[in-house]
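Reviewing the structure listed below.
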Ligand SMILES: Cc1cc2nc3c(=O)[nH]c(=O)nc-3n(C[C@H](O)[C@H](O)[C@H](O)COP(=O)(O)OP(=O)(O)OC[C@H]3O[C@@H](n4cnc5c(N)ncnc54)[C@H](O)[C@@H]3O)c2cc1C
């Protein structure tokens, strides 16, 4: 082990989306932040990368917009969604002055974020892997990591931030890996890049659905098109091993609109797959630690919200911690924990309905009769179409998709369709109602449990002595509960 134990105001594990946002928010307020990542940047990761206007606004909020724009992805002011042959196309409401989406490869996006974090003053150490948290009297007070040369280092800080993704080591070591709420996805993800010959369509982010199949095409940097296929999980066996590429090509051509979009385009990458996806919330704060980004909360990629939420709640975590960590009277551990607990509760309140809406789309079920009518309504009513694009853009809440008047209209129209029986519509309506009630119950249980945990913490947390650089004597490994 390297002999000198270093002290920082905060140490962040993970230097991609959430890690950089937290690091920037802390560093630009004058705090000493160390951010480590086992990757060497520029580095890719298993993720597509559609960035809604709200996501672009978060990139702007941390000062990374010029660097991200410079990567050269086209601006996409239009969203399009097509179910069979029923489709709508619309713009977005501006968020912080931004009314366009972008699709930027993670290799370049994450590199731009790392450069921004460094520029702001955060110290980012690459090829460094955290392996142990350091504990003192039931509180996380630092971590140990190994660098590229195999040397071990120890860092002390009043707070350790686990921005280390879905397989989070920090979540594991604080005992928060088991989710407090979880929903297995009914879809898998397979994606590849295509050279894009359609210069006339490079301003549109598109989604197509036919039966249970869902596919998207997003023009991205490098003149390419990112094409993601999300089949239901019962088709996964068709994608195993060497068959993946053929199954993917067959899948994208089973969506007639997507197949037409790919006309004249050539696949220029291998197919990457992601299966076994689960959406979840984990307990995301505790004595001396917090989990922004996927480490604490993940939603199926079908609604492309992860980067936005990683940036936003990463930034908000940094903003909440900064005054506490820079208090003139010294860092009060209890104030640190209060700040992280309030931040975590805020994210749960903000994100639960988007999580539930995502789970509906991620179920992998074929569209219902009422859903067809909602697409028809959006096709005919530009205002309703704009509401739908703004749900993805987080300007509208998911409940706006199905207000009672819209549902009533959709039911009446569904009943007028010659090929749909009353029983089908009644069954669909019953299912939708049941889902609304179940979601409401789940939301209430989840938020109540979170509130109870927060108030219990407030009454239990003892005043502990401030962690110090030289407080080596009291360090106990794994003394967490
Ligand atoms: C298939 C797929 C498609 C997606 N598509 C989209 C999309 O189109 N739009 C969107 O908004 N979101 C999308 N998402 C979600 C998005 O990828 C995540 O929400 C986002 O990457 C979360 O960022 P993060 O910083 O929390 O974690 P990550 O991006 O996972 O970064 C975690 C970092 O922590 C580092 N790390 C982990 N452990 C250690 C350790 N012990 N020591 C040091 N470093 C460590 C890793 O090296 C990594 O760099 C998709 C996700 C998937 C799986």
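Quick notes on this structure:
- Ratio of Rg to Rh over region 29-178 (Cα coordinates, Kirkwood Rh, two decimals): 1.07
- The average projected area of region 340-413, computed from the convex hull of its Cα atoms over all directions, is 5.8 nm².
- Computed with the Debye formula from one identical point scatterer per Cα of region 189-274, without solvent, the log10 of I(q)/I(0) at q = 0.14, 0.15, 0.20, 0.21 Å⁻¹ comes to -0.42, -0.48, -0.85, -0.94.
- A Cα-only calculation for region 226-338 places Rg and Dmax at 21.3, 65 Å.
- Debye intensity ratio in log₁₀ form over the Cα atoms of region 322-448, taken at each q of 0.15, 0.17, 0.22 Å⁻¹: -0.80, -0.95, -1.34
- Only helices enter this figure: runs of n ≥ 4 DSSP H residues, each worth -39500 (n - 2.57), summed and divided by the residues of the chain, yield -12500 deg cm²/dmol at 222 nm to the nearest 500.
- Order of 167, 400 - criterion: other Cβ atoms within 10 Å of each residue's Cβ, fewest first: 167, 400
- Size descriptor, Kirkwood hydrodynamic radius, that averages inverse alpha-carbon separations across the chain, Å: 23.5 Å
- Helix axis angle, 17-27 relative to the chain longest principal axis, alpha carbon, degrees: 40 degrees
- Packing rank of 301-312, 341-352, where each peptide gets the mean count of other beta carbons within 10 Å, highest leading: 301-312, 341-352
- Sequence of 41, 239, 431 once ranked by neighbouring C-beta atoms within 10 Å, starting from the fewest: 431, 41, 239
- In units of the compact-protein estimate 2.2 N^0.38 Å, region 127-179 shows a Cα radius of gyration of 1.14.
- Euclidean distance of C-alpha centroids, region 147-216 and region 49-93, integer Å: 18 Å
- Whole-number percent relative contact order across the chain, with pairs defined as alpha carbons under 8 Å at least 6 apart: 21 percent
- Antiparallel DSSP beta bridges within the chain, as percent of all bridges there, nearest 5: 70 percent
- Listing 40, 187, 198 from fewest to most neighbouring C-beta atoms within 10 Å gives 40, 198, 187.
A short reminder: the numbers here are calculations on the coordinates, not readings from a lab. Since this is a predicted model, take the numbers as computed values, not measurements. Don't worry about glycine lacking a Cβ; one is built from the backbone with ideal geometry, like all the others, and counts go over all protein chains shown.
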